[in-house]
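J.: Here's a structure for you.
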Amino acid sequence: MHTSAHARPHTDTDTDTHDLPHASGSGTWLLGGELPVRRIGFGAMRLPQHGEALVPHAVPMDRDRAIKVLREAVDLGVNHIDTAAFYFSPLRSANELINSALGGPYPDDLVIATKVGPSRDVSGAWSEHARTPAALRGQVEENLRQLGRDHLDLVNLRVLGTDSIAERFGALAELREAGLIRHLGLSNVTPDQLAEARTVAPVVCVQNMYGIGVRPEYEEFVRLCGAQDIAFVPFYAIAAAGREAGATATESEEVLAVAGAHGASPAQVRIAWTLHQGPHLLAIPGTGDPAHLAANVAAGTLRLTPGELDLLNRLHRAPVRKAPAAP
């Protein structure tokens with residue numbers, strides 16, 4: 001059975017940046033029962049551009065800055081990076097940046113998770129989502145080329161709608177059997193779709209939109225994943241309804257009060273709350289700012305009191321909070 005345990009503390013002998021936070025403080029989850037990943041990871045969606053992600057004509061991120069952020073993430077102990085071939089802006093690709101910053105060779109303990117299903121044309125506009133086995137195989141091959149890997153550690157099938165996913169997941173399962181994929185996961189799915197996928201092949205993670213005030217109806221789903229030793233990896237845990245545009249809404253009094261009590265930012269409180277939902281929760285906050293990166297990693301050591309958790313849980317379940325449907 002998968003377990004969660006704190007990795008050894010970061011000490012002065014580990015690196016000359018001992019005054020900076022370290023991802024080991026967030027604890028570790030055994031992904032697929034074999035890959036130890038620190039529970040604070042890094043999401044690459046925001047890396048290729050400034051401002052809103054996944055839109056045409058985005059302003060490209062400075063290349064050196066993006067590469068610096070990736071290298072600093074690894075220096076801070078992050079060993080779980082979430083990406084996708086459709087994370088790109090004009091002149092910038094998240095996969096290519098990851099390859100340039102960390103490849104040749106990649107760190108032995110680095111786990112790179114990617115996803116297939118959605119696709120964008122060269123202009124950045126969304127095109128028809130890949131639903132055929134051949135299209136999904138093509139996307140896996142595209143990720144392999146861009147990342148410079150001979151296999152992918154984890155591939156999530158990104159799903160739209162509630163129809164059957166057996167054929168699509170089966171196509172990825174065949175690639176897993178062929179050695180091109182090590183582990184499989186799901187993104188934006190229902191409990192029924194998870195159950196269906198598990199009849200096809202093992203599922204090591206579910207990546208769904210979740211956070212304070214976002215999808216409180218998923219609480220039982222989150223617990224179900226933990227009971228089945230499946231990691232739950234929320235996206236937009238900080239941005240909430242701001243989604244690709246980031247955290248744009250006015251922050252609640254409850255989150256601000258908890259942040260003030262800890263000398264922390266609201267974003268750090270939101271990350272910490274996520275990690276408090278169970279040992280199988282993995283956070284993947286993304287940023288193109290080195291200072292924000294360090295703050296996100298530091299959130300892994302933020303311990304909320306029972307009273308603070310009760311306050312935030314009540315906020316989470318408040319009926320006035322309802323997120324829009326995922327794209």
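The values are calculated or read from the model by the stated rules, or taken from the named source; none is laboratory data. Computed from a predicted structure; not experimentally measured. Backbone-built Cβ (ideal geometry, glycine too); neighbour counts: all protein chains shown. We work out accessible area using only protein heavy atoms, side chains counted, and drop any ligands, DNA or RNA first. Shrake-Rupley method; radii C 1.70, N 1.55, O 1.52, S 1.80 Å.
J.: Simple spin-label model, 7 Å along Cα-to-Cβ: GLU251 to SER164 in nm?
T.: It works out to 4.8 nm between the two label points.
J.: While we're here: Counting residues in segment 50-111 as N, plug N into 2.2 N^0.38 Å and put the Cα Rg over that result. Please report the intermediate quantities before stating the final value.
T.: Working: Rg = 11.9 Å, N = 62, 2.2 N^0.38 = 10.6 Å.
Its radius of gyration relative to the 2.2 N^0.38 Å reference: 1.13.
J.: Taking Rh as the Kirkwood radius, which is the inverse of the mean 1/r over Cα pairs, what is the Rg/Rh value for segment 148-278? Display every interim value, and only then the final one.
T.: Working: Rg = 16.9 Å, Rh = 16.2 Å.
So for segment 148-278, dividing Rg by the Kirkwood Rh gives 1.05.
J.: Which length gain, in nm to one decimal place, applies between GLU52 and ALA178 when the Cα-Cα distance is subtracted from 0.36 nm times their residue separation? Let's see the in-between values first.
T.: On the way: separation 126, 0.36 × 126 = 45.36 nm, distance 3.70 nm.
That pair, GLU52 and ALA178, stretches by 41.7 nm at full extension.
J.: Something else now. Run the quick spin-label model on ALA261 and ASP108: label points 7 Å from Cα toward the beta carbon, then report their separation in nm to one decimal.
T.: About 4.3 nm, to one decimal.
J.: What accessible area per residue, rounded to a whole number of Å², is obtained for the chain using a probe radius of 1.4 Å?
T.: Details: 13750 Å² over 327 residues.
Here the residues of the chain average 42 Å² of exposed surface.
J.: I've got another one for you. Taking N as the number of residues in the chain, what is its alpha-carbon radius of gyration divided by 2.2 N^0.38 Å?
T.: Numbers: Rg = 18.5 Å, N = 327, 2.2 N^0.38 = 19.9 Å.
Computed over Cα atoms of the chain, the ratio equals 0.93.
J.: Within segment 118-206, list the GluC sites (Glu not before Pro) lying in a DSSP loop whose Cβ has at most 15 other Cβ atoms in a 10 Å radius. Write down the numbers at each step before the final one.
T.: On the way: sites: GLU128, GLU141, GLU142, GLU167, GLU174, GLU177, GLU196; in loops: GLU128.
When the GluC sites (Glu not before Pro) of segment 118-206 are filtered for loop state and at most 15 Cβ neighbours within 10 Å, GLU128 remain.
J.: Please compute the alpha carbon radius of gyration of segment 43-163, then divide it by the globular-protein estimate 2.2 N^0.38 Å. Two decimals is fine. Spell out each step's value before the answer.
T.: On the way: Rg = 14.1 Å, N = 121, 2.2 N^0.38 = 13.6 Å.
Taking the Cα Rg and dividing by 2.2 N^0.38 Å, one obtains 1.04.
J.: Under 13 Å from the Cβ of LEU30, count the other residues' Cβ atoms, weight Lys and Arg +1, Asp and Glu -1, and hand me the total. If you can, show how the numbers build up before the last one.
T.: Details: positive: ARG38, ARG39; negative: GLU34, ASP109, ASP229.
That works out to -1.
J.: Just to be sure I understand: if I project the alpha-carbon convex hull of segment 95-154 onto a plane and average over all orientations, what area do I get in nm²?
T.: Numbers: hull surface 17.9 nm².
Reported value for the Cα convex hull: 4.5 nm².
J.: Using a Förster distance of 25 angstrom, determine the FRET efficiency expected from the C-beta separation of GLU142 and ASP192, and round it to 0.05. Write out the running numbers ahead of the final one.
T.: Values: r = 29 Å, r/R0 = 1.17.
In this case the efficiency is close to 0.30.
J.: May I ask you to compute the full-extension gain from ASN313 to ARG65, defined as 0.36 nm times their residue separation minus their alpha-carbon distance, rounded to one decimal in nm? List each step's numbers first, then the result.
T.: Working: separation 248, 0.36 × 248 = 89.28 nm, distance 3.66 nm.
In short, 85.6 nm is gained.
J.: Report relative contact order for the chain in percent, whole number only (criteria: Cα-Cα under 8 Å, sequence separation at least 6). Mind showing how you got there, number by number?
T.: Values: 659 pairs, mean separation 60.3, N = 327.
Once divided by the residue count of the chain, the mean separation gives 18 percent.
J.: Residues with amide H under 5 Å of VAL111's amide H, sequence separation 5 or more or different chain, H placed in the peptide plane at 1.01 Å from N; which?
T.: Hits under the 5 Å cutoff: HIS80, ILE81.
J.: So which trypsin sites (Lys or Arg not before Pro) in segment 147-197 are both in a DSSP loop and have at most 15 other Cβ atoms within 10 Å of their Cβ? Display every interim value, and only then the final one.
T.: Details: sites: ARG149, ARG158, ARG168, ARG176, ARG182; in loops: ARG149.
Taking segment 147-197 and a limit of 15 other Cβ atoms within 10 Å, no loop trypsin sites (Lys or Arg not before Pro) are found.
J.: Another one. So what's the back-of-envelope 222 nm ellipticity for the chain, counting only DSSP H runs of four-plus at -39500 (n - 2.57) apiece and dividing by all residues, rounded to 500? It would help to have the intermediate numbers written out before the result.
T.: On the way: 10 runs with 107 residues, N = 327.
The helix-only estimate for the chain comes to -10000 deg cm²/dmol at 222 nm.
J.: Going from most exposed to least, what order do LEU54, LEU70 have by accessible area with a 1.4 Å probe? Don't jump to the answer; show the numbers that get you there.
T.: Working: LEU54 25, LEU70 0 Å².
The most accessible residue leads, giving LEU54, LEU70.
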